[in-house]
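Novice: Here it is: the structure, laid out below.
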Amino acid sequence: MIVARKLNKKYGKIRAIIDLDINVKKGTIHGLIGPEACGKTTMLRILSTLVRPDSGEVTINDVPLSKGIQIRKMIGFVPKTPHLPNDRTARELVTFAASLHGIHDAPIIESIMKQTGLEAVADQKLNRFSQVMEKNVAFAMAFVHDPSILLLDEPLAGLDPVSQKRIKEFLLASNKTVLLTGQDLDIADGLCNSVTVMKNGSNVVDGEMAIIRQQLGKGAIEIKLLDTGQTQKLLFELEKKGAKVTVSGESIYVHYENDHEIPGIIRAAANAADIKDARPVKLSIDDIFAKLHPLEK
Amino acid sequence: MTSQITGFISIVNTETRRLIKGFLPAYFWFTVLVLISTYFVFAEKYVDISIDRSLMTLKYANNPMTEILLYTVSFAVSSVSEVMSGKIPSMVFPFSIGVIFFILFPLMLSLTYMSGHVIKKASTTITGEEEKKTLYIMATSPQTRSSIYLAKFTGLILATLPMIILFYLITELIFSSLFLSVYSTYDAGILVLQILLVNAVLFISAGMLFSALFKNEKKASWTGTKVVTVCSLLTSLWILIPFLEFMMNLTNSNTDILFYLEKLTWISPFTAELMSVYQPSVFIYYLYSLVSASVILFLLGMGIFIKKDLEY
């Protein structure tokens, strides 16, 4: 369980985190979602005891952050881009990470190497590794002591689909408390139980993933017309059918909740106007802010 | 607690192995430097003669160079009759001058080289990892920041040990083969060993302070190197003070400025260390100040490192 209350952190004059509240329940996967420089990484740095907050309270499994050793025994931390000494082999690094936790059992190290797919390359130096393989080494180093809390900074970024699937499956089956970061809600779909959407160092939205998805909708279809003069007619027809429609420039966005609504929307649009182009678009983080906090935009 | 200790040992082990790899060229050049300077000491002949100290008085005379200056004047005066009769005087040195040669060449050069190298390595031990962003591996483990700092410090000391041991053996060799009749080998060897160890601890502490203080590896390394350069320049000035006084006396100049210059040269730890070999009885007084300085620098660096925000 991770609980943060009224957390603040400044770097010089820049306020990286402002009155941030987070509550991650035990055994759940929580997503910390937001654009670049919104304070996600700072939050993970605070939780991993690399940085001290200026004010606020943080507890991990009811242990305050000030008890650094106890906290670090519980956490497994993986940075977005792990920087590892490239003159060492994967096995050496995992063994070193294990030894920092007082673990010297070869079978434990072998098991984690196997789980992270590093078995075959265990004795190769990291200078021959791809970014994906390096990230797998970072995962192995973070998981070797079987931590109860996982802090993962954009864990799927830069990974190939096979590694992404393996990590997702591992996290879902692990029954551990996981706090992961991401730049859009897609990462949270099918993985996170709850999310906190951050903007400018504060939490904008906090809640169960299913409820947030209900509020936001699944996505939108961007429609472009051959004759923009038909726009009003199209809007009238779509709104008559109860669709949520927004216009931006020449594009008309029709929002939907479920994938099975898409054919109906296309049919209705084609009956109302001559369509030049129609394609599904994902909600950007800005769209999410606009939808959840329309006044802010 | 056991995991803390094994983790600490693991960091020390990793750091020492990494440092020794980086130290290999330094070990080689240190050996070359020590052997060449030792050869110079061995190239001269030393006898049991005394120096006529009545020929010249110097105000700031408590310095190895004074002894050399006195001996040179004494030798010149005593050789006049030989030179006048057309003979070339053969130059032999008293044992005390031999020891001064040891202080001025092998010891001074070794101290400067070793200090320059260890401060450079120490000043990049944290900044280097900060720049490479690898420090998070240790910093997110159950090890405390103070134990990481201490482990890195221990690794640096261990990596410096081969240089210290080599110089200790060379000291034993010089004193047992050249000056055995007047100096106890055991005392000289142990004294030099202590001096080198204290010196290494001092410069590693200073280097690690810069490493904790700066965020940039180049800046930390530059500062460390400059500190050693300034220290060796100050000690060189200290060595030259009797010579400067002699020259100023010849030109009837006011030598008061030398008083302040001499005080200034004591900022450099090398001055105290060379003086300790010249007059072993004073070593204990300098030892306290050198150890105190090391402890202050070490604690200051550790305090900064503990409070430091780390990147990954």
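Bear in mind these aren't lab numbers, they're just calculated from the coordinates by the rules spelled out. Note that the coordinates shown come from a computational prediction; the quantities given were computed from them, not determined experimentally. Note: ideal-geometry Cβ built from the backbone for every residue, glycine included; neighbour counts use all protein chains shown.
Novice: Please compute P(r) over all alpha-carbon pairs of the range B:233-298, binned at 10 Å starting from zero, and give each bin as a whole-number percent.
Specialist: Spelled out per bin, shortest first, that is 20, 41, 28, 9, 2.
Novice: What ranking do A:Val132, B:Val47 get, fewest neighbouring Cβ atoms within 10 angstrom at the top? Don't jump to the answer; show the numbers that get you there.
Specialist: On the way: A:Val132 14, B:Val47 9.
The most exposed by this proxy come first: B:Val47, A:Val132.
Novice: Relative to a virtual label point 7 Å from the Cα of B:Leu158 in the Cα→beta-carbon direction, which members of the range B:1-25 show backbone nitrogen distances below 13 Å?
Specialist: Inside the label zone: B:6-21.
Novice: Residue separation times 0.36 nm, minus the C-alpha to C-alpha distance between A:Asn86 and A:Ala270: what's the value? Before the final figure, lay out the partial values.
Specialist: Details: separation 184, 0.36 × 184 = 66.24 nm, distance 5.70 nm.
Gain on extension, A:Asn86 to A:Ala270, equals 60.5 nm.
Novice: To continue, here is another question. With label points built 7 Å along Cα→Cβ from the Cα atoms of B:Asn216 and A:Met1, find their separation and express it in nm.
Specialist: Once both label points are built, they end up 4.8 nm from each other.
Novice: Label B:Gln4 and A:Ala106 with points 7 Å out from Cα along Cα→Cβ: what is the distance between them in nm?
Specialist: In this crude spin-label approximation the distance works out to 3.1 nm.
Novice: Ok, one more. Taking 0.36 nm per residue of separation and subtracting the Cα-Cα distance, what length does fully extending B:Ser50 through B:Glu311 add? It would help to have the intermediate numbers written out before the result.
Specialist: Working: separation 261, 0.36 × 261 = 93.96 nm, distance 6.41 nm.
Computed gain between B:Ser50 and B:Glu311 is 87.6 nm.
Novice: What number, rounded to the nearest 500 deg cm²/dmol, is the helix-based mean residue ellipticity at 222 nm of chain B, given -39500 (n - 2.57) per DSSP H run of at least four residues and division by all its residues?
Specialist: Values: 13 runs with 236 residues, N = 312.
Using -39500 (n - 2.57) per qualifying helix, the result is -25500 deg cm²/dmol.
Novice: Tell me, what is the percent relative contact order of chain B, built from C-alpha pairs under 8 Å that lie six or more residues apart?
Specialist: Numbers: 378 pairs, mean separation 83.7, N = 312.
Relative contact order comes out at 27 percent.
Novice: Additional query: So if each residue of separation counts as 0.36 nm, and I subtract the Cα-Cα distance between A:Lys13 and A:Val162, what length gain in nm does that give?
Specialist: Numbers: separation 149, 0.36 × 149 = 53.64 nm, distance 4.23 nm.
Length gained between A:Lys13 and A:Val162: 49.4 nm.
Novice: Still on this model: Relative to 2.2 N^0.38 Å, what does the C-alpha radius of gyration of chain B come to as a ratio? Two decimals please.
Specialist: Numbers: Rg = 22.7 Å, N = 312, 2.2 N^0.38 = 19.5 Å.
This ratio for chain B stands at 1.16.
Novice: OK, next. What is the list of residues in the range B:229-245 whose amide nitrogen lies under 14 Å from a point 7 angstrom out from the Cα of B:Leu264, following Cα to Cβ?
Specialist: Answer for this model: B:230-241.
Novice: Another one. Can you work out the Karplus-derived ³J(HN,Hα) for every residue in the range B:203-212? Use 6.51 cos²θ - 1.76 cosθ + 1.60 with θ = phi - 60°, whole Hz, and x for glycine or proline.
Specialist: After applying 6.51 cos²θ - 1.76 cosθ + 1.60, I find 6, 5, 4, 5, x, 5, 4, 4, 5, 7 Hz.
Novice: Sticking with this one: About its Cα centre, what dipole magnitude does the protein assembly as shown give when the only charges are +1 on Lys and Arg Cβ and -1 on Asp and Glu Cβ, stated in debye to the nearest 20?
Specialist: Numbers: 59 positive and 54 negative charges, 179 e Å.
That gives the protein assembly as shown a dipole magnitude of about 860 debye.
Novice: Taking the range B:94-141, how much of its Cα-Cα pair set, in percent, is spaced more than 15 angstrom apart? Let's see the in-between values first.
Specialist: Details: 714 of 1128 pairs.
For the range B:94-141, the fraction of Cα-Cα distances above 15 Å is 63 percent.
Novice: Okay, next question. Assuming a viscosity of 1.306 mPa s and a temperature of 10 °C, what translational diffusion coefficient in µm² per second does Stokes-Einstein assign to the protein assembly as shown, Rh being the Kirkwood radius over Cα pairs? Write out the running numbers ahead of the final one.
Specialist: Numbers: Rh = 29.5 Å.
Roughly 54 µm²/s, to the nearest whole number.
Novice: For the pair B:Val291/B:Val77, report the inter-label distance in nm, with labels modelled 7 Å from Cα in the Cβ direction.
Specialist: Label-label distance for B:Val291 and B:Val77, simple model: 4.3 nm.
Novice: Ranking B:Thr14, B:Thr225 by Cβ neighbours within 10 Å, fewest first, what do you get?
Specialist: Ordered from fewest to most neighbouring Cβ atoms within 10 Å, B:Thr14, B:Thr225 come out as B:Thr225, B:Thr14.
Novice: Moving on. Going from the alpha-carbon gyration tensor of the range A:2-207, what semi-axes, largest first and in whole Å, does one get by taking the root of 5 times each eigenvalue? Each step should come with its number before you reach the end.
Specialist: Details: eigenvalues 161, 66, 52 Å².
Rounded to whole Å, the semi-axes are 28, 18, 16.
Novice: To the nearest 0.05, what FRET efficiency results for B:Thr31 and A:Ser66 with a Förster distance of 56 Å applied to their C-beta separation?
Specialist: Working: r = 49 Å, r/R0 = 0.88.
E(calc), rounded to 0.05, equals 0.70.
Novice: Would you mind ranking A:Met141, B:Met108, B:Met1 by Cβ crowding within 10 Å, fewest neighbours first?
Specialist: Numbers: A:Met141 27, B:Met108 21, B:Met1 6.
By the 10 Å Cβ count, ascending, the order reads B:Met1, B:Met108, A:Met141.
Novice: If R0 is 60 Å, what FRET efficiency do you get for A:Leu226 and B:Leu299 from their C-beta distance, rounded to 0.05? Don't skip to the end; give the middle numbers.
Specialist: Numbers: r = 76 Å, r/R0 = 1.27.
With a Förster radius of 60 Å, E is 0.20.
Novice: Continuing with the same structure: If you count the DSSP beta bridges with both ends in the protein assembly as shown, what percent of them are antiparallel, to the nearest 5?
Specialist: On the way: 38 of 57 bridges.
The antiparallel proportion sits near 65 percent.
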